[in-house]
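The values are calculated or read from the model by the stated rules, or taken from the named source; none is laboratory data. In this text, all values refer to a predicted model and were calculated from it rather than measured experimentally. Neighbour counts are summed over all protein chains in view; Cβ atoms, including those assigned to glycine, are modelled from backbone coordinates with ideal geometry. With ligands, DNA and RNA removed, areas are computed over all heavy atoms of the protein, side chains included. Shrake-Rupley method; radii C 1.70, N 1.55, O 1.52, S 1.80 Å.
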Amino acid sequence: SLGRIQELQADALADDVPIDVELLQQWTEEEVSAYFESGGTAVPDALPSAEQLRSGAFASVGRLLCLRLSPLCTVSPRLAGEAAASTRGCFKPKPQACCRLFALYGVADVSMSLLPWIRAAPDWLEVRLLDFPGHGFRQRDSNLPRCSCRGPLDEAALLEERDELARALADDIAIAAEGAPFACFGFSFGALIVYEVVRLLSARHPPLRPICMCVAGRGPPHCVPLARSELSHLQGCDDEQMLDWMKGLAFNTGNIPKVMRARAAALFRCGMVLGALPAGHDRLPDTDNCNLWRGQSAHFVEQVPQLPAECAVLAITSDGDELWPAELVQRWAEVAPTGAFLGCKVLHGVPHDKLMNHADTIALVMGEVAVAASTIARSLEVLR
């Protein structure tokens, strides 16, 4: 406040040093004291602009951010699966960081697939890797959704199963976030689940809202890539037929070891069936001319829940992604809050299976998290 600034000015006997209230309120109390004691010459470094942060300055902005945002200080509770993964580098707490990023992979991956994100994270950012219930390091404490098993397509159960999946991850984040600023990233099928998680967290009392949400390698939640007839086939086909179908989508399923083939088929079946149900709907649309990966187009439903107003959205794709064309990924703009779509960044020549951990994807996401965190830091009135 102006009153506290004037007190610090008087303590330093610096009546001749001018007060720029708008500027000084962006500094810490220690920075303001040093400014007055130096006669107005000790001006702290300013936070880089949004353009600078997005261009790579996010890696070196830690001291400036942590001066303005409270450090995490404590080690938050481990996420489900992190205890088993701790010796493998999947859980590296950063008590002096000031922001968290929760990351979720696609169904063909596991949490350890995201280790490059932990290695690339700057000192101010703690990356936490989410694990799907029933998968990865959570196979012992829960089961995959029922739709991962071969059987008849049960549309009525799909929405409930996807909600259960999202609720489990929302509970994990709610415990681990600890009130600190956090962002979310989801890749492929994980992008759809992160969208559901953000909506669930924002509906809580009090609400938990990420400072931004970033997605890659997936069309938006109101996009239906497959018709009911095709999904019925995938739900009912055996494991080898499921893997053959995925092979047609450029997945190298022929190299999956025999002991892992049934598990891989279950994961692919789960991702394809759950991923085809549009958000907020308990039934698939009545259309047969819908097969995104067989020369037809995707179908879009008209009504889909939007994200909370405070949540900015960044989408990332590649002109080399053989599964999700850029023009579909761009349509995340339709579920983003008004004025909060940060754009769709298109990488060049990166195939779908390399997009999640591509250096440019990681840099784009961390740059955007830095922008959001800096916005919070600038808006805080640190002098009370």
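Going through the stretch 281-309 one residue at a time, which ones are in contact (Cβ under 8 Å) with a residue 40 or more places away in the chain and within 21 Å of the chain's Cα centre (by Cα)?
Val304, Pro305, Leu307, Pro308
Please verify whether the stretch 324-347 includes one or more residues that are of a type in the set (Phe, Trp, Tyr) and either without any contact (Cβ under 8 Å) to a residue 24 or more places away in the chain or under 21 Å from Met272 (Cβ atoms) (or both).
Yes, there is a match, as at least one residue in the stretch 324-347 is of a type in the set (Phe, Trp, Tyr) and either without any contact (Cβ under 8 Å) to a residue 24 or more places away in the chain or under 21 Å from Met272 (Cβ atoms) (or both).
Are any of the residues in the stretch 231-246 in contact with an Asp or Glu (Cβ under 7 Å, 6 or more places away or on another chain), open to solvent by 60 Å² or more (accessible area, probe 1.4 Å) and not aromatic (Phe, Trp, Tyr)?
No, every residue in the stretch 231-246 fails to be in contact with an Asp or Glu (Cβ under 7 Å, 6 or more places away or on another chain), open to solvent by 60 Å² or more (accessible area, probe 1.4 Å) and not aromatic (Phe, Trp, Tyr).
For the stretch 169-189, how many residues meet the condition of being over 26 Å from Arg378 (Cα atoms) and surrounded by 19 or more Cβ atoms within 10 Å (Cβ to Cβ)?
The number of residues fulfilling the criteria is 7.
Does Val273 satisfy the condition of being out of contact with any strand residue (DSSP E or B) (no Cβ under 7 Å at 6 or more places or on another chain) and surrounded by 23 or more Cβ atoms within 10 Å (Cβ to Cβ)?
Judged against the criteria, Val273 is a match.
Please determine, by comparing only the residues of the stretch 201-219 that are of a type in the set (A, V, I, L, M, F, W, C) and not in a strand (DSSP E or B), which one is nearest to Thr361 (Cα to Cα).
So, considering only residues that are of a type in the set (A, V, I, L, M, F, W, C) and not in a strand (DSSP E or B), the one nearest to Thr361 (Cα to Cα) is Ile211.
Report the residue count in the stretch 190-225 for those that are hydrophobic (A, V, I, L, M, F, W, C), over 14 Å from Arg167 (Cβ atoms) and open to solvent by 10 Å² or more (accessible area, probe 1.4 Å).
Here the count works out to 1.
Taking Arg261 as the residue in question, decide whether it is surrounded by 14 or more Cβ atoms within 10 Å (Cβ to Cβ), over 21 Å from the mean Cα position of the chain (by Cα) and either in the same structural domain as Pro220 (by the TED database) or not β-branched (Val, Ile, Thr) (or both).
Criteria met by Arg261.
Looking only at residues that are touching a Cys at 6+ places or on another chain (Cβ under 7 Å) and in a loop (DSSP other than H, G, I, E, B) in the stretch 126-149, which one is least open to solvent (accessible area, probe 1.4 Å)?
Within the stretch 126-149, the match that is least open to solvent (accessible area, probe 1.4 Å) is Pro145.
Show me the helices (runs of 4 or more DSSP H) found entirely inside the stretch 1-108 where at least 2 residues are in contact with a Gly (Cβ under 9 Å, 6 or more places away or on another chain), surrounded by 12 or more Cβ atoms within 10 Å (Cβ to Cβ) and modelled with pLDDT of 80 or more.
Hits in the stretch 1-108: 50-54.
State whether one or more residues within the stretch 357-377 are among the hydroxyl-bearing types (Ser, Thr, Tyr), open to solvent by 30 Å² or more (accessible area, probe 1.4 Å) and in a loop (DSSP other than H, G, I, E, B).
Looking through the stretch 357-377, none of the residues is among the hydroxyl-bearing types (Ser, Thr, Tyr), open to solvent by 30 Å² or more (accessible area, probe 1.4 Å) and in a loop (DSSP other than H, G, I, E, B).
If you check Arg294, Arg263, which single one turns out to be of a type in the set (Lys, Arg) and closer than 19 Å to Glu161 by Cβ?
Arg263
Residues Trp332, Trp324: which one is open to solvent by less than 20 Å² (accessible area, probe 1.4 Å), assigned by the TED database to the domain that holds Tyr195 and part of a loop (DSSP other than H, G, I, E, B)?
Of Trp332, Trp324, the one residue that is open to solvent by less than 20 Å² (accessible area, probe 1.4 Å), assigned by the TED database to the domain that holds Tyr195 and part of a loop (DSSP other than H, G, I, E, B) is Trp324.
Is there a residue being under 18 Å from Leu158 (Cβ atoms) and assigned to a helix (DSSP H, G or I) anywhere in the stretch 242-262?
Yes, the stretch 242-262 has at least one match.
Just checking, which of Val198, Val194 is within 30 Å of Ser297 (Cα to Cα), assigned by the TED database to the domain that holds Glu310, touching a Gly at 6+ places or on another chain (Cβ under 8 Å) and assigned to a helix (DSSP H, G or I)?
Result: Val194 is the single residue among Val198, Val194 that is within 30 Å of Ser297 (Cα to Cα), assigned by the TED database to the domain that holds Glu310, touching a Gly at 6+ places or on another chain (Cβ under 8 Å) and assigned to a helix (DSSP H, G or I).
How many of the residues making up the stretch 294-320 are modelled with pLDDT of 95 or more and buried (at least 17 other Cβ atoms within 10 Å of the Cβ)?
So the count comes out to 6.
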